[in-house]
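Visitor: Got a structure here, written out as structure tokens. Questions coming.
What follows draws every value from the coordinates through simple rules; no lab data is involved. Please read these numbers as outputs of a predicted model, since none were measured by experiment. So basically every Cβ, Gly included, is an ideal-geometry build from the backbone, and we count neighbours across all protein chains shown.
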Amino acid sequence: MTPTMLRQLWSLVETTQANVLVTLDDDTLAQWLLKQFKMNSAINGNEAELLNQYIQSRLSLIRDLAAERLGAEPSG
């Protein structure tokens with residue numbers, strides 16, 4: 001996986017609404033992120049599999065970052 005792909009993925013995570021990231025179950029979240037990534041970048045099957053594995057291994061971090069953003073957002 002290239003550094004560009006990593007930057008694109010984390011940019012996607014940062015720009016996605018936090019409530020989406022914390023409410024989807026693991027499999028659905030990984031599939032959703034991969035689908036969103038593919039809409040913006042042309043990747044082959046091998047790259048998609050590597051990206052999926054990376055996402056799966058980082059789901060806890062993704063959820064923690066989203067939960068932190070939810071906690072920091074002003075209410076009302």
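Visitor: Do you know which of the residues in region 15-55 that are acidic (Asp, Glu) and free of Cβ contacts under 8 Å to residues at least 12 places away in the same chain is farthest from Glu68 (Cα to Cα)?
Guide: Per the criteria, the residue is Glu49.
Visitor: Let me ask another. If a residue has to be part of a helix (DSSP H, G or I) and either among the aromatic types (Phe, Trp, Tyr) or in contact with a Leu (Cβ under 8 Å, 6 or more places away or on another chain) (or both) to count, how many in region 32-59 make the cut?
Guide: Restricting attention to region 32-59, the residues satisfying the condition of being part of a helix (DSSP H, G or I) are 32-40, 45-57, 59.
Adding the requirement that they be either among the aromatic types (Phe, Trp, Tyr) or in contact with a Leu (Cβ under 8 Å, 6 or more places away or on another chain) (or both) leaves 32-34, 36-37, 40, 48, 51-52, 54-55, 59.
Of the residues in that region, 12 qualify.
Visitor: If you don't mind, another one. Would you check if there is a residue in region 49-69 being within 22 Å of Thr2 (Cβ to Cβ) and more than 13 Å from the chain's Cα centre (by Cα)?
Guide: Yes, that holds for at least one residue.
Visitor: Every residue in region 7-19 that is among the aliphatic types (A, V, I, L, M) and over 10 Å from the mean Cα position of the chain (by Cα), please.
Guide: Within region 7-19, just Ala18 meets the criteria.
Visitor: Can you go through Met1, Met5 and tell me which one is touching a helix residue (DSSP H, G or I) at 6+ places or on another chain (Cβ under 8 Å), in a helix (DSSP H, G or I) and surrounded by 11 or more Cβ atoms within 10 Å (Cβ to Cβ)?
Guide: Only one candidate passes the filter, namely Met5.
Visitor: Looking only at residues in region 8-35 that are over 11 Å from Ile55 (Cα atoms) and among the acidic types (Asp, Glu), which one is surrounded by the most Cβ atoms within 10 Å (Cβ to Cβ)?
Guide: Glu14
Visitor: Which of the residues that make up region 49-74 are surrounded by fewer than 15 Cβ atoms within 10 Å (Cβ to Cβ) and small (Gly, Ala, Ser)?
Guide: Ser57, Ser60, Ala67, Gly71, Ala72
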